[in-house]
Amino acid sequence: MNTIYPRATRTLLVLLCALLLTACGEPEQQAQALGPVAFHPSDECHVCGMVIADFPGPKGEAVEKGAVKKFCSTAEMLGWWLQPENRHLQVKLYVHDMGRSAWDKPDDEHLIDATSAYYVAGTQLKGAMGVVLASFADEQAALELASREGGRVLRFEEIDQAVLQLAADMPGHGYQHAGH
Ligand code: CU1
């Protein structure tokens with residue numbers, strides 16, 4: 001029966017439970033608040049230190065609470081992310097949607113969640129450091145680029161060190177990160 005707790009105490013308990021539930025929901029809300037930030041002309045790549053704006057093609061960024069790391073290419077960001085010491089970080093990864101950007105001037109208005117993007121590898125398009133991975137929000141746009149330029153479409157989960165090392169095997173893409 002309901003005689004164990006007086007009515008006022010029961011009301012308090014209900015309120016307390018509601019508060020606890022709200023508190024549990026908060027970390028997720030904070031993570032979602034880590035939105036993309038615009039690139040500045042003087043921004044340097046977190047990995048190679050080069051000025052990001054000097055290169056064509058999509059860029060990447062890793063946004064965490066109070067810090068943003070920017071990368072000269074999607075491949076550089078993914079290479080950084082694949083390092084075990086970076087995997088535990090609570091970061092949100094963003095890349096340019098090239099379906100809504102000119103290749104030479106990726107538009108910061110169209111930075112998208114890197115984990116749900118489609119990536120085209122193996123085109124002859126020019127990018128910055130590492131293999132060129134053209135990123136798209138829309139699968140159809142990625143498939144169209146792949147059929148036009150050659151290449152294959154990959155999801156975020158399919159990109160590993162082997163994909164990123166393609167750069168070293170292709171003529172004109174001799175760049176390789178030693179020890180990164
Ligand atoms: Cu770089």
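Elements of the type strands (runs of 3 or more DSSP E) sitting completely within segment 83-148 and holding at least 3 residues that are hydrophobic (A, V, I, L, M, F, W, C): these cover 133-136.
Can you find a residue in segment 33-52 that is on the phi > 0 side of the Ramachandran plot, at pLDDT 95 or above and of a type in the set (Gly, Ala, Ser)? Checking segment 33-52: at least one residue is on the phi > 0 side of the Ramachandran plot, at pLDDT 95 or above and of a type in the set (Gly, Ala, Ser). Just one residue in the set Ala168, Ala142 is open to solvent by less than 50 Å² (accessible area, probe 1.4 Å), more than 24 Å from Pro41 (Cβ to Cβ) and at pLDDT 95 or above; that residue is Ala142.
For segment 71-84, the condition holds for no residue, the condition being that it is at pLDDT 95 or above and open to solvent by 90 Å² or more (accessible area, probe 1.4 Å). When segment 48-70 is limited to residues that are in a loop (DSSP other than H, G, I, E, B) and surrounded by fewer than 21 Cβ atoms within 10 Å (Cβ to Cβ), the one that is nearest to the ligand (Cβ to nearest atom) turns out to be Cys48. Comparison of Glu157, Glu149 shows that the only residue that is at pLDDT 95 or above and loosely packed, with under 15 Cβ neighbours inside 10 Å is Glu157. Only one entry of Leu78, Leu145, Leu93 meets the criterion of being over 15 Å from the mean Cα position of the chain (by Cα) and at negative phi, and that entry is Leu145.
Have a look at Lys105, Lys92 and point out the one that is open to solvent by 40 Å² or more (accessible area, probe 1.4 Å) and within 18 Å of Ala53 (Cβ to Cβ).
Answer to the selection: Lys105.
The values are calculated or read from the model by the stated rules, or taken from the named source; none is laboratory data. None of the values given here were measured: they were computed from a predicted structure. FYI the Cβ positions are ideal-geometry reconstructions off the backbone, even for glycines, and counts take in every protein chain you see. Accessible surface areas use protein heavy atoms only, side chains included; no ligands, DNA or RNA. Shrake-Rupley method; radii C 1.70, N 1.55, O 1.52, S 1.80 Å.
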